[in-house]
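Any read-out appearing in this document is the output of simple, stated calculations on the displayed coordinates, not a laboratory observation. Computed from a predicted model, the values in this text were never measured in an experiment. FYI the Cβ positions are ideal-geometry reconstructions off the backbone, even for glycines, and counts take in every protein chain you see.
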Protein chains: 2
Amino acid sequence: MEYKLKAFCISALLILLQVNEIFAESGYELWLRYHLIEDVALKRYYQIKNSSIVFTARTQKQLVAKTELYNGLKGLLGFTIQETHDVKDNCLLVGNVESSPLITSLLCAKELDSLGDEGYIIRSLQIEQKKVTVVVAKKDQGLLYAIFHYLKLIQTHQSLDGVSVKEVPKIKYRVLNHWDNLDGTIERGYAGYSLWDWERLPFYRSQRCVDYARANASIGINGTVLNNVNANAKSLRTEWLIKAAGLADSFRPYGIRVFLTARFSAPQEIGNLDTSDPMDPKVKQWWRNKVTEIYEYIPDFGGFLIKANSEGQPGPQDYGRTHAEGANMIAEALQPYGGILFWRAFVYKNERHVDRVVTGYNEFKPLDGQFKENVFLQTKNGPIDFQPREPFHPLFGKMPNTALSLEFQITQENLGHAGHLVYLAPLFEETLQSDVYGDGKGNTVSKILQNYHETCGMSAIAGVSNVGTDLNWTGYLFGQANWHAFGRLAWNPDLTSEKVSEEWVRMTFSNREDVIDSIKRMMLISREAAVNYMMPLGLNHIMNFHTHNGPEPWHDDPLWTAYDYHQVTKDSIGVDRTDKGSRATGQYHKLVGAYFENLKTCPDRYLLWFHRLPWEYKMKSGQTLWNELVNHYYKGVEEVRTMQSIWTSLKDVIDGERFTSTENLLQNQEREAVWWRDACLLFFKEYSQMPIPEVYESPRYSLDYYKKIPFPYDWNKTQMFK
Amino acid sequence: MEYKLKAFCISALLILLQVNEIFAESGYELWLRYHLIEDVALKRYYQIKNSSIVFTARTQKQLVAKTELYNGLKGLLGFTIQETHDVKDNCLLVGNVESSPLITSLLCAKELDSLGDEGYIIRSLQIEQKKVTVVVAKKDQGLLYAIFHYLKLIQTHQSLDGVSVKEVPKIKYRVLNHWDNLDGTIERGYAGYSLWDWERLPFYRSQRCVDYARANASIGINGTVLNNVNANAKSLRTEWLIKAAGLADSFRPYGIRVFLTARFSAPQEIGNLDTSDPMDPKVKQWWRNKVTEIYEYIPDFGGFLIKANSEGQPGPQDYGRTHAEGANMIAEALQPYGGILFWRAFVYKNERHVDRVVTGYNEFKPLDGQFKENVFLQTKNGPIDFQPREPFHPLFGKMPNTALSLEFQITQENLGHAGHLVYLAPLFEETLQSDVYGDGKGNTVSKILQNYHETCGMSAIAGVSNVGTDLNWTGYLFGQANWHAFGRLAWNPDLTSEKVSEEWVRMTFSNREDVIDSIKRMMLISREAAVNYMMPLGLNHIMNFHTHNGPEPWHDDPLWTAYDYHQVTKDSIGVDRTDKGSRATGQYHKLVGAYFENLKTCPDRYLLWFHRLPWEYKMKSGQTLWNELVNHYYKGVEEVRTMQSIWTSLKDVIDGERFTSTENLLQNQEREAVWWRDACLLFFKEYSQMPIPEVYESPRYSLDYYKKIPFPYDWNKTQMFK
């Protein structure tokens, strides 16, 4: 108890320090911080490079782009750029095919055409001895993206001399999935509550929603699913559609299309039908009518996201129909309007002793080619459920005739909620760069997603949002980096997490090289740290049953047991998913499967995912499995401590509020990393009967103590501290 | 439908305009806007008057005060005040008895002593030909209040020459009541969700909670009840107490004490007892133990607020005990620690044909003198339930031997939620300045509250908070004015709403006289406007049954009927509460009762509250009751339109974000005011069978249409727009 009280006092003191900067940053601005450039020479350079501008804006999107540009330049350079109609030296020329034939005439028609709806070019040109920068797109949406990119060049202190940027998104649908309930709560949300003010919609338009759209547009996100995949049928009622239309109106100028989730049983629940059977003509008609109605209110409605026959949700199987039959019936209703259906592939049987890892593939693989062309099968990155680390989902590469949407989770359901600094770009990158060996080596998940020539030009990446009403949007400051990284990788899934993190640090904190290096280092070790102190060596699903935060490898009830996932005994640990076990390896391309199957090639990081091994098993490092496991858990905690010391070294260069809140967060993370490490090792030690080597610090508390800690939000079961 | 679509388009356009100011204000800063003074001469004047400072800060509160002062001056004057140890010309001397014997020696001991814990003095003095400003208090808390006052003088452009301020609060407990549930939702909250981040407490301390405490301290609020009066027993569990302690730690430096609600049946629900009978020794012991535990975690815990035997809540009457017996049992447990119990007087029988207006008085009047000395009986301002207008509660002045706490509602449950601009200071003032005629004329509710010589030095005002996670704290900008006004009137209940509004406008918007006049005018007509378009002439409780927003005078179900409240028939309207009726008039002092009883003296504003009158009744104005009623409803709408045109005239002087959001709000308010007016008049017209005079615009829609509009949040019942 004394320890806790001391922590209280220290925190109270920190609070004091926090108020000592009036212009302390809450984080609300996100990465769109247009603060005056302090370096006088650099500011002067950019001022010269922006001496004047030609930018005729007429449409709503053009006006939005222009406003963003003017605001950005005013903030960064402290002046209002001068408008002109003639091309002058150091002039900025901004336009697209519709707004300025003059500007677009500076590029060849073929190049312009290759930009599509969303691409753009930023290029230094010389016109009659005048140096100019051309910011050009084919369409309005591309122009808005171009403006954000142009501002980013200045924000991140890039040279504008000889600048040559051409960007076209590699993925068509880049969509946030909000698991927001109609009552404002968010399933697995840790940053407050829903941004959608349903009570006051559609009449009240909040600036917060506009800023949400700005932020998304700045990283290329172009769609948003407003509500929870565990859907409420009433979200499709007229009254709610009108409210959703209010949000769509706020988002439209930024190119964000609204999608809704739909409950498969809606025809019964709100349509007064006696069935929701997808083969019933009345049901088909109901969906057609409903879709028609939606497009009346939201002319650019994106489509539906549906979770069916999964975790208790209704679906076509309730009527003996397949997923494809269910999906196609609704997709048909959407097709005349250009609407898209995302159909989730996340299904598993809630039965003991059935390996959940293999069920999604087994259920959907036979349906390849049966989905209509406007259906995405939306597949989570791995075959279980957003664990700290999973091998890629075997459906990638095995559904050549189906458009797949990759679903990442940005909200940290299983990665410490908003209490742990975990940068997810390395996780995203790991999945995207996984080689599925479709047509030989180098056929990554990323390539599979991009290869939509065979899927009617359809490609998609979805991210379960971590955004809420918290002042800093994401519950903790670095959560913003995960939102940012998702957007950037959805735009270009071949970007590296290193590059994306640098961009974010420059925009969010500083362009000082030492600061960038330090913060990047923290970020780039953070995900591996979390894997190490939570679930190393391929372990998974040993988190707290209710909250999914904190360790609970001992959970064991008739519905669900952690023992299915680690299968620990006195002899061994891990799940045999090889040919001799549940045959998960066989679901991959034969080369990939063999790679996982073979103990010599299977990477340590997936070892206990695919293999069941004795405690004395000799690892590649030469150590026993037990010792290796111990090493990983201890290493994870040490990595958090490294993050702490890096952050402490930045005290003088980060404003008080952001510094203190992150310092506070890392303290919490260290405490919880120790909790994870101790609880898991003490639990497994009961089986292995092997010691924690003496070089390591002793566990802080006993296993019994750790078993009694409820996750701090879930106070119903036991009492802490007493 | 076209009308709505047009409104959508206009709104969409407005959104565009909204982004055109990068430094647009979200409202997050509240009235604590320390922006640089633009008037150069004035800024220079204040810079000179703050040439140097003597301020030795050692305690946590002193440090907080000093930080606030330095931040404020840095923002307002653009410089950091220079510290010194000698008294110089134009020096600021800040201290209290503990921090600076030197500074306090400048005042006579008796005067200092009269300041108590929370009072302060700001005074120009001359010391050896040096002009100085002394900011002095007896205790730390007074010093913090003094600093906020000093900054306010500069913010509101007051002269510091010859300044002489002495302030001592007139009420001891100035408490916000949050109706926040443990799941983060807020009962009758319209500004988002709870500020308390229960998941991450106690380890995570949010800057938002610190800013909440700053804001409260700046207006003199010194207590906060964290949770809903419809209490959840588990809030008293150890785990939740530890979390509450985390909040208390954040609030303590600002002098905000934490209170909790307590569910009367907690001994059974979380204590494993088989009864909660207040006379049971086990129950008494349980509460003693629980209170002891709370003070372990929160040494300055304020006490409990309890709603018992009211609207289904458990209470002492479940065991045949009186309210006093129930309250005293818990108060006894609190007494050793200086804790206070607020026991709510809001009770009524949920029975038809029992006049709810008379029940609270009848139940509590006989208990006068039976409550322990650390119990407040907390009484709403009027005898029903936070209606737009009610006469003062008859318990005021009739409980001479009981400490009364006056409960106002700041959140606009019955005043348009966060969708109507309604400034509540005039409502607060109306109640506070109501004359109860205790010991002759001039014995106002305010005086009753202040007259705590007979109640062991206890005095209290409580306000049901309108604060939530919205960026602007209160759902709409002017909601901040109601929070501000509550604090100011709790500190000094004899302030005028005119004075309080001016202070708020100066701090929030501008010191320009024309701007102040315009905004004050809007604010000061707004409450009467709301009464006029909602429930004029003493009408009450005809709002929507579920949401309490929008009109529903036709509501009539077995549990509850609006007909009990208006009793409309073809002949008459209003409720007879005179001697011939439910005798509510008899609950007041005989002079007050006679004043309400007599039609010649009863003010029009309470007419239908106390009297049942025929439609043809001739009003003081010479018009019939029907025509007068019509006039009021139309006047209400016109007043909203006046507010709109005043606001429009301010377009050039208010920043884009705040201007547009308020413009948007007023549009909504106009639409809903028409809804109220039309729906009520068309409904009453069915009975009166009298016409709406032709000089007035026709109702926009039919009664049938209005009856089908659900409140926009409550979409379950009927469908709008179709």
Distances from B:VAL354 to the same residue in each other copy, label points 7 Å out along Cα→Cβ, in nm, shortest first?
5.6
Rounded to whole Å, give me the distance from the Cα center of segment B:273-337 to that of segment A:408-440.
51 Å
Quarter of the Cα convex hull surface for segment A:36-167, i.e. its orientation-mean projected area (nm²):
7.0 nm²
Overall dimensions of segment A:173-508 by Cα: Rg and Dmax, Å:
18.9, 57
At what distance in nm do the modelled label points of A:SER702 and A:LYS131 sit from each other, each positioned 7 Å from its Cα along Cα→Cβ?
7.4 nm
Spatially proximal aspartates and glutamates relative to B:LYS707 (Cα-Cα < 18 Å; intrachain offsets below 8 disregarded)
A:GLU239, B:GLU552, B:ASP556, B:ASP557, B:GLU672, B:ASP678, B:GLU686
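What's the whole-number percent of alpha carbon pairs in segment A:341-448 lying beyond 19 angstrom? Walk me through the intermediate numbers first.
On the way: 2734 of 5778 pairs.
Tail of the P(r) past 19 Å holds 47 percent of the pairs.
To two decimal places, what compactness ratio does chain A give when its Cα radius of gyration is scaled by 2.2 N^0.38 Å?
Working: Rg = 26.4 Å, N = 722, 2.2 N^0.38 = 26.8 Å.
Compared with the compact-globule rule of thumb, chain A sits at 0.98.
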Would you give the gap between the C-alpha center of segment A:463-514 and the C-alpha center of segment A:203-267, rounded to a whole Å?
22 Å
B:ARG605 versus B:ALA41, label points 7 Å from Cα toward the beta carbon: distance in nm?
4.2 nm
Convex hull of segment A:149-273 built on C-alpha atoms - directionally averaged projected area, nm²
9.7 nm²
Find which of A:LEU367, A:PHE486, B:ILE294 sits farthest along the positive direction of the dipole of the protein assembly as shown, computed with +1 on the beta-carbon of Lys and Arg, -1 on that of Asp and Glu, about the Cα centre.
A:PHE486
Taking each residue of B:190-196 in turn, how many C-beta atoms of other protein chains fall within 10 Å of its C-beta, and what is the average?
3
Ordered shortest first, which distances in nm separate the 7 Å Cα→C-beta label point of A:PRO400 from those of the other copies?
9.8
Count the net charge of all other residues whose Cβ sits under 12 Å from the Cβ of B:ASP678, scoring Lys and Arg as +1 and Asp and Glu as -1.
+2
Lys, Arg +1 and Asp, Glu -1 on Cβ, resulting dipole of segment A:173-508 about Cα centre, debye, nearest 20
280 debye
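Would you mind putting A:612-625, A:211-224, A:500-513 in packing order, based on average other-beta-carbon counts within 10 Å, highest first?
Details: A:612-625: 15.7, A:211-224: 23.6, A:500-513: 19.9.
Top of the packing list down: A:211-224, A:500-513, A:612-625.
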Farthest toward positive dipole pole in the protein assembly as shown [+1 Lys/Arg, -1 Asp/Glu at C-beta], among B:VAL132, B:VAL500, A:PRO281
B:VAL132
Nearest-first distances (nm) between copies at B:TYR701, label 7 Å from Cα via Cβ:
5.7
Backbone N under 19 Å from the B:SER164 label point (7 Å along Cα→Cβ), restricted to segment B:120-138
B:120-137
So how do A:LYS282, A:LYS43, B:LYS243 line up by other beta-carbon neighbours within 10 Å, fewest first?
A:LYS282, A:LYS43, B:LYS243
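Would you kindly work out the equivalent ellipsoid of segment A:396-498 from its C-alpha gyration tensor and give its semi-axes, the square roots of five times the eigenvalues, largest first in whole Å? Provide the component values of the computation, followed by the final result.
Numbers: eigenvalues 162, 37, 23 Å².
In descending order the semi-axes read 28, 14, 11 Å.
Ranked highest first by the average count of other Cβ atoms within 10 Å around their residues, in what order do B:367-379, A:476-488 fall? Intermediate values should be presented prior to the final figure.
Values: B:367-379: 20.5, A:476-488: 26.3.
The peptides rank, most packed first, as A:476-488, B:367-379.
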Do you know the relative contact order of chain B, to the nearest whole percent, from alpha carbon pairs under 8 angstrom that are 6+ apart?
11 percent
Principal axis dimensions, segment B:109-192 - Cα atoms, whole angstrom, descending
61, 30, 18
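So, with +1 on the Cβ of K and R and -1 on the Cβ of D and E, and no other charges, what is the size of the charge dipole of chain A about its Cα centre, to the nearest 20 debye?
Numbers: 79 positive and 86 negative charges, 142 e Å.
So the magnitude is around 680 debye.
Which value does Rg/Rh take for the protein assembly as shown over its C-alpha atoms, Rh per Kirkwood?
Details: Rg = 33.5 Å, Rh = 34.6 Å.
Across the protein assembly as shown, the Cα-based Rg/Rh ratio is 0.97.
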For segment A:219-315, with only Lys/Arg (+1) and Asp/Glu (-1) charged at the beta-carbon, what is the dipole magnitude about the Cα centre, in debye rounded to 20?
120 debye
From DSSP H assignment alone, runs of 4+ in chain B each adding -39500 (n - 2.57), the sum over residues rounded to the nearest 500 puts [θ] at 222 nm at -12000 deg cm²/dmol
Relative compactness, segment A:607-670, computed as alpha-carbon Rg over 2.2 N^0.38 Å:
1.66
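Please average, across the residues of B:613-626, the number of beta carbons from any other chain that are within 10 Å of each residue's own beta carbon, and give a whole number. Spell out each step's value before the answer.
Numbers: counts 0, 0, 0, 0, 0, 0, 0, 0, 0, 0, 0, 0, 0, 0.
Across B:613-626, the average partner-chain Cβ count within 10 Å equals 0.
Strictly over 29 Å apart at the Cα level, which of B:LYS170/B:LYS282; A:LYS61/B:LYS708; B:LYS380/B:LYS580; A:LYS152/A:LYS307; A:LYS172/A:LYS290; A:LYS74/B:LYS43 would you flag in this model?
Numbers: B:LYS170/B:LYS282 40 Å; A:LYS61/B:LYS708 37 Å; B:LYS380/B:LYS580 26 Å; A:LYS152/A:LYS307 37 Å; A:LYS172/A:LYS290 26 Å; A:LYS74/B:LYS43 25 Å.
In this structure, B:LYS170/B:LYS282; A:LYS61/B:LYS708; A:LYS152/A:LYS307 lie more than 29 Å apart at Cα.
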What number in nm² do you get for segment B:250-376 if you take the convex hull of its Cα atoms and divide its surface by four?
8.9 nm²
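What ranking, highest mean first, results for peptides A:393-401, B:694-702, A:423-431 when packing means the other Cβ atoms within 10 Å averaged over each residue? Walk me through the intermediate numbers first.
On the way: A:393-401: 21.2, B:694-702: 12.1, A:423-431: 24.4.
Descending packing order for the listed peptides: A:423-431, A:393-401, B:694-702.
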If the label point is 7 Å along Cα→Cβ of B:ASP579, which residues in segment B:601-617 have backbone nitrogen under 19 Å from it?
B:601-603, B:610-613
Between B:MET279 and B:GLU373, what FRET efficiency comes out of the Förster formula 1/(1 + (r/R0)^6) with R0 = 22 Å and r the beta carbon distance, rounded to 0.05?
0.65
Putting +1 on Lys and Arg Cβ atoms and -1 on Asp and Glu Cβ atoms, find which of A:ALA245, A:GLN268, A:ILE384 reaches farthest to the positive end of the dipole of the protein assembly as shown.
A:ALA245
